[in-house]
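Read-outs: derived from the displayed coordinates by stated rules, not from any lab. All values reported here derive from a predicted model rather than from experimental measurement. Counting neighbours? That spans all protein chains shown, and the Cβs are built from the backbone with ideal geometry, glycine included.
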Amino acid sequence: MLIDLSRVLTHEGKQEHLEIMPEGQAFVCELGEFPYVEKTPVSLVIIHEENQILKIAGEGKVSVWIPCARCLEPVKVTLDIEFDNEVDMKLSDEERVEALDESSYIQEKELNSEKLLHDEILIRWPMQVLCKENCKGICSRCGANLNQGSCDCDTADLDPRMAVISDIFKNFKEV
Ligand SMILES: [Zn+2]
Ligand SMILES: [Zn+2]
């Protein structure tokens with residue numbers, strides 16, 4: 001959603017209250033695609049503090065499914081979104097980038113709420129997600145989820161069914 005900032009910029013003290021919603025069904029970034037558990041709005045307040053300086057504050061929660069780092073089962077992760085940014089609209093887009101202001105979600109006089117929310121989610125992205133502290137992960141050989149019981153890989157080197165097949169191959173060779 002593109003929010004026109006020109007109205008709030010006309011007078012000091014002007015405010016706008018909005019609700020922004022993640023777009024699409026999943027959060028998409030370099031790490032992959034993570035479906036939203038449920039979409040709830042994040043409230044956004046834009047205040048023209050003084051002299052073309054905007055305070056842009058938001059509060060809300062975003063819940064996504066992130067695969068467990070060990071067993072890959074989806075884990076519900078809720079990120080608390082809370083931010084309070086100050087943007088000097090007297091500066092040009094380029095000048096703000098140079099000042100290491102991370103408000104690249106503003107272009108000209110428009111605020112891209114999707115980009116703003118995306119950046120705020122990414123900042124809070126967890127380093128590692130586990131379904132539980134002691135997740136046993138998956139077997140590297142057969143891919144079985146070891147939380148649901150052990151597989152045969154660690155008990156026998158060769159599955160008895162595989163042994164039959166290897167016998168067949170042996171016989172075939174001898175013919
Ligand atoms: Zn796990
Ligand atoms: Zn296995």
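Full extension of the segment from ALA26 to CYS151, taken as 0.36 nm per residue of separation minus the current Cα-Cα distance, would add 41.7 nm. For the chain, the relative contact order is 19 percent, taking Cα pairs closer than 8 Å that sit 6 or more residues apart in sequence and dividing their mean separation by the residue count.
Axis of helix 160-174 versus longest Cα principal axis of the chain: the two differ by about 60°, to the nearest ten degrees. Across the chain, the fraction of Cα-Cα pairs farther apart than 19 Å, rounded to a whole number, is 68%. Under 16 Å from a label point set 7 Å out along the Cα-to-Cβ vector of LYS132, the amide N atoms of region 45-74 belong to 68-74.
Stretching VAL97 away from LYS61 to a fully extended chain increases their span by 10.2 nm, per 0.36 nm per residue minus the current alpha-carbon distance.
The listed peptides 115-124, 1-10, ordered by packing as a protection proxy, come out as 115-124, 1-10 (highest mean of other Cβ atoms within 10 Å first).
GLN52 sits among other residues whose Cβ lies under 10 Å from its own Cβ, and their net charge, with Lys and Arg +1 and Asp and Glu -1, is -3. Taking 7 Å steps out from each Cα toward its Cβ at GLU50 and ARG141 produces label points 7.2 nm apart.
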